[in-house]
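Undergrad: Okay, here's the structure, questions in a sec.
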Amino acid sequence: MDGDAVEQVAREIQLRGATVPAVLFLEANRGIGTLEGLGMLFFDPVIRGVFGGNMLAAQALLADDDGIERLIDRLEELDAEVRPDA
């Protein structure tokens, strides 16, 4: 999955205020196989907004371990950018 798709999904998740739940979901389900089914349920509003209903692109992102890892990394980066330093 290309970086543009990862960035789009990460930004949309951030805009919806769902960064932490998304990261928790992705981390909790890592290693149980692809996230196509579960991911589609959790991310449905984001996916439809970002991909305009193009579920194949979204499935490719969630089915690819590298794509999932890059999405988690980007979500964590975005979250760190908006949180004030302690």
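Rule-based calculations on the coordinates, nothing more; no lab input. Since the model is a prediction, treat every value here as computed from it, not as a measurement. Quick reminder, even Gly has a Cβ in these numbers, built from the backbone with ideal geometry, and neighbours come from all protein chains shown.
Undergrad: State the extension gain, in nm to one decimal, for the chain segment bounded by A60 and L15, taking 0.36 nm per residue of separation less the distance between their alpha-carbons.
TA: Here the answer is 14.0 nm.
Undergrad: With each pseudo-label sitting 7 Å past Cα toward Cβ, what's the V82-N29 distance in nm, one decimal?
TA: Computed distance between label sites V82 and N29 equals 2.1 nm.
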